[in-house]
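J.: This is the structure I have questions about; it appears just below.
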Protein chains: 2
Amino acid sequence: MGATKTDHFTDKQNQIAIIAKALGHPARIAIIEYLLKVNSCICGDIVNELPLAQPTVSQHLKELKNAGLIKGNIEGNAICYCIDEKTFDVLKDYFSNIILTVTNQKCC
Amino acid sequence: MGATKTDHFTDKQNQIAIIAKALGHPARIAIIEYLLKVNSCICGDIVNELPLAQPTVSQHLKELKNAGLIKGNIEGNAICYCIDEKTFDVLKDYFSNIILTVTNQKCC
DNA sequence: ATTTATTATCGTAATATTGCAATATAAAAA
DNA sequence: TTTTTATATTGCAATATTACGATAATAAAT
């Protein structure tokens, strides 16, 4: 045990869970917010913005990239990172639908 | 090591991360979707809907409750669970803001 | 060619999560 | 009161995550 029983759930359920999980750490939220603040691709800098060692930040960036939340473009000896909008759209749509459905509930 | 460095991030960043983390498991997404499908408080039933043992489901429900995503009302010897809308509103607003900011980006 | 700067990977320790059997708890039903 | 039903808690094994030092990889600068 210890491993998530991915097989038993739908692709959509797993997709949303993977994206949400990637955002389930304050360092990764801080990375997303920093990319939004500078409002452009950013090369370097990210490590200096966070209270974590370089390998740790690199690992968090990798997870955000795997979840499709950010994109990384090689630019010389640095890598430019930026928000990958379409994955955030998936999340926003998903939660908007939840809100729409739930406001019609009459209970509790 | 191994523990998240919560102290170094803002309250808002930690709040969003905690909510996202709670949604970062397909079983918990499935629970939310089931509560939406029945569109009311539901007593019992949840365990039968999921491919997991009762203690495991109970644990997932507890995590969703801790994150403020669901509410549980005692009703006789059963407990009625339902969506806690306001926490989903927090998430929807957060992601809507991200989408609004990011669409103005010109790069990558 | 060597140094410098930037990012990734490896290895590893500490901690957290997932899942379940066994058991506990609490209220309704018999 | 005993049984049944519904949910929670405990304890534990398996696995995953977090964090970082050391090191590798890569390309620019000297």
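J.: First check a/c for the protein assembly as shown, with a ≥ b ≥ c the square roots of the eigenvalues of its C-alpha gyration tensor; if it is under 1.5, answer rounded, and if not, answer prolate when a/b is larger than b/c or oblate otherwise. Kindly include the intermediate steps, with their values, before the conclusion.
T.: On the way: a/c = 2.22, a/b = 1.86, b/c = 1.20.
In terms of gyration-tensor shape, prolate.
J.: Considering only the label points, 7 Å along Cα→Cβ from Cα, what distances in nm to one decimal separate B:Ser96 from the same position in each other copy, shortest first?
T.: Here B:Ser96 shows inter-copy label distances of 0.9 nm.
J.: Provide the per-residue ³J(HN,Hα) series for region A:27-41, in order, calculated from phi with Karplus coefficients 6.51, -1.76, 1.60 and θ = phi - 60°, each as a whole number of Hz, with x at glycine and proline positions.
T.: Each residue of region A:27-41 in turn: 5, 6, 5, 5, 5, 4, 5, 5, 4, 6, 5, 6, 6, 6, 4 Hz.
J.: Under 12 Å from the Cβ of B:Ala22, count the other residues' Cβ atoms, weight Lys and Arg +1, Asp and Glu -1, and hand me the total.
T.: Residues near B:Ala22 contribute +3 overall.
J.: While we're on this one: How far, in nm to one decimal, is B:Lys37 from itself in the other copies if the label point is set 7 angstrom along Cα toward Cβ? Shortest first, please.
T.: Values, ascending and in nm: 4.3.
J.: For the residue pair A:Asp89 and A:Lys62, what label-to-label distance in nm results when each label sits 7 Å from Cα along the Cα-to-beta-carbon direction?
T.: 2.9 nm
J.: Could you tell me which of A:Asn73, A:Ile99, A:His60 has its Cα farthest along the dipole of region A:48-108 towards the positive end, charges placed at Cβ (Lys, Arg +1; Asp, Glu -1), taken about the Cα centre?
T.: The Cα lying farthest towards the positive end belongs to A:Ile99.
J.: I've got another one for you. Using 7 Å Cα-to-Cβ label points, what is the B:Lys5/B:Ile79 separation (nm, one decimal)?
T.: In this crude label model, B:Lys5 to B:Ile79 measures out at 3.6 nm.
J.: Shielding by partners for A:6-13, please: the mean number of other protein chain Cβ atoms within 10 Å of each residue's Cβ.
T.: The per-residue average across the peptide is 4.
J.: Can you compute the charge dipole magnitude of region A:10-102 about its Cα centre, using +1 on each Lys and Arg Cβ and -1 on each Asp and Glu Cβ, nothing else charged? Give it in debye, rounded to the nearest 20.
T.: On the way: 9 positive and 10 negative charges, 38 e Å.
In total the dipole reaches around 180 debye.
J.: Counting only heavy atoms of the protein chains, get the accessible area per residue of chain B (1.4 Å probe) and round it to a whole Å² value.
T.: Working: 5750 Å² over 108 residues.
Per-residue accessible area for chain B comes out at 53 Å².
J.: A follow-up question, please. Could you pull the copy-to-copy label distances for A:Thr10, with points set 7 Å along Cα to Cβ, in nm to one decimal and sorted shortest first?
T.: The answer, with the shortest distance listed first, is 3.5 nm.
J.: Now for a separate question. Using Cα atoms only, what is the angle between the long axis of helix B:11-22 and the major principal axis of chain B, expressed in degrees (0 to 90) to the nearest 10?
T.: So the inclination is approximately 50 degrees.
J.: Another question, if that's okay. For peptide B:77-84, what's the mean number of Cβ atoms from other chains within 10 Å of each residue's Cβ? Could you put the intermediate results ahead of the total?
T.: On the way: counts 0, 0, 0, 2, 1, 4, 8, 2.
Taking the mean over all residues of the peptide, I get 2.
J.: Show that you can apply the helix-only estimate: for chain B, add -39,500 (n - 2.57) for every DSSP H stretch of four or more residues, divide by all residues, and state [θ] at 222 nm to the nearest 500.
T.: About -17000 deg cm²/dmol.
J.: Mind pulling the angle between the C-alpha long axis of helix A:54-66 and the longest principal axis of chain A? Nearest 10 degrees, somewhere in 0 to 90.
T.: Once rounded, one gets 40 degrees.
J.: Right, another one. Using a ≥ b ≥ c from the Cα gyration tensor of region B:53-93 (square roots of the eigenvalues), is it rounded, prolate or oblate, where a/c under 1.5 gives rounded and otherwise the larger of a/b and b/c decides, a/b for prolate?
T.: It comes out oblate by the Cα gyration axes.
J.: If you don't mind, another one. On the accessible surface of the protein assembly as shown, probed at 1.4 Å, how many percent belong to carbon and sulfur atoms?
T.: 50 percent
J.: Okay, next question. Quick query: amide H of B:Ile79 versus all other amide H atoms, modeled in the peptide plane; which residues come in under 5 Å with a sequence gap of 5 or more or a different chain?
T.: B:Gly44
J.: Can you pull the one-decimal nm distance between simple spin-label points at B:Tyr34 and B:Gln54, each 7 Å off the Cα toward Cβ?
T.: Reported label-point gap for B:Tyr34 and B:Gln54 is 1.4 nm.
J.: Give the B-A buried accessible area in Å², both sides summed, 1.4 Å probe, nearest 100.
T.: Counting both chains, the buried surface is close to 4200 Å².
J.: From the phi angles alone, apply the Karplus equation (6.51, -1.76, 1.60; θ = phi - 60°) to region A:90-98 and give each ³J(HN,Hα) in whole Hz, x where the residue is Gly or Pro.
T.: Working through the residues one at a time gives 4, 5, 4, 4, 4, 6, 4, 4, 4 Hz.
J.: Percent relative contact order of region A:10-102, based on C-alpha pairs within less than 8 angstrom and at least six residues apart?
T.: 28 percent
J.: Within a 10 angstrom radius of each residue's Cβ in B:97-103, how many Cβ atoms of other chains show up on average? Whole number is fine. List each step's numbers first, then the result.
T.: On the way: counts 2, 11, 7, 2, 6, 10, 3.
Neighbouring Cβ atoms belonging to other protein chains average 6 per residue here.
J.: Running Debye on region B:10-102 with equal point scatterers at the Cα sites and no solvent, what base-10 log of I(q)/I(0) appears at q = 0.15, 0.18, 0.20 Å⁻¹?
T.: -0.60, -0.82, -0.97
J.: In terms of Cα to Cα distance under 17 Å, which lysines are near enough to B:Lys92, apart from those fewer than 8 places away along the same chain?
T.: A:Lys21, A:Lys86, A:Lys92, B:Lys12, B:Lys21
The values are calculated or read from the model by the stated rules, or taken from the named source; none is laboratory data. Note that this is a predicted model, so its numbers are computed, not measured. Methodologically, a virtual Cβ is constructed for each residue, glycine included, from the backbone with ideal geometry; neighbour enumeration extends over all protein chains shown. The area values use the complete protein model at the heavy-atom level, side chains included, leaving out ligands, DNA and RNA. Shrake-Rupley method; radii C 1.70, N 1.55, O 1.52, S 1.80 Å.
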